[in-house]
Amino acid sequence: QQQKQQQDQAEYVVRLRWESPAQYTLEALHQVLTKYGSVAVALSRRPGRALASFSRWADADMAVRYERGSGGNALDVQWAEAVDQLRAEPDQLQGDGEEGLQSFEQYEEAVLARMRAKDAQPVA
């Protein structure tokens, strides 16, 4: 039962990307993604990027598999990482030193920093 509770508390995060001319607002992204389930969306500081957190794996998986955008505005949806994986690595987070995450904004910063680090690694 403890494992079931941990699974219920997990968040499944996808990253969203789109081309600059097709500007998605927070509200527009939320509207596009709510058809898959309960979702929280955070825009990145970098243009054309955002993160979306789903409470159920199946909802996030459907968004990754089927969402392509709306109104001719292409939207790329890919898996990021689960929040509970980052909670296991509190030393990688910036902040007041408390374990875990204090807000979705901190989570966004941590995931985006990890994505930038992965993008900066040379491809062999």
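The values are calculated or read from the model by the stated rules, or taken from the named source; none is laboratory data. Computed from a predicted model, the values in this text were never measured in an experiment. Glycine also receives a Cβ, built like all others from the backbone with ideal geometry; neighbour counts cover every protein chain displayed. The accessibility values were calculated without ligands, DNA or RNA, using every heavy atom of the protein model including side chains. Shrake-Rupley method; radii C 1.70, N 1.55, O 1.52, S 1.80 Å.
Of all residues in the stretch 22-63, those satisfying the criterion of being among the polar types (S, T, N, Q) and surrounded by 17 or more Cβ atoms within 10 Å (Cβ to Cβ) are 44, 53. Going through (1) modelled with pLDDT of 85 or more; (2) exposed (fewer than 14 other Cβ atoms within 10 Å of the Cβ) one by one, residue 97 falls short only on (1). The set of residues from the stretch 2-21 being at pLDDT below 90, open to solvent by less than 80 Å² (accessible area, probe 1.4 Å) and not polar (S, T, N, Q) comprises 10, 11. Residues of the stretch 64-85 being assigned to a strand (DSSP E or B) and either among the charged types (D, E, K, R) or open to solvent by 20 Å² or more (accessible area, probe 1.4 Å) (or both), which ones? Across the stretch 64-85, the qualifying residues are 69, 70, 73, 74, 76, 78, 79.
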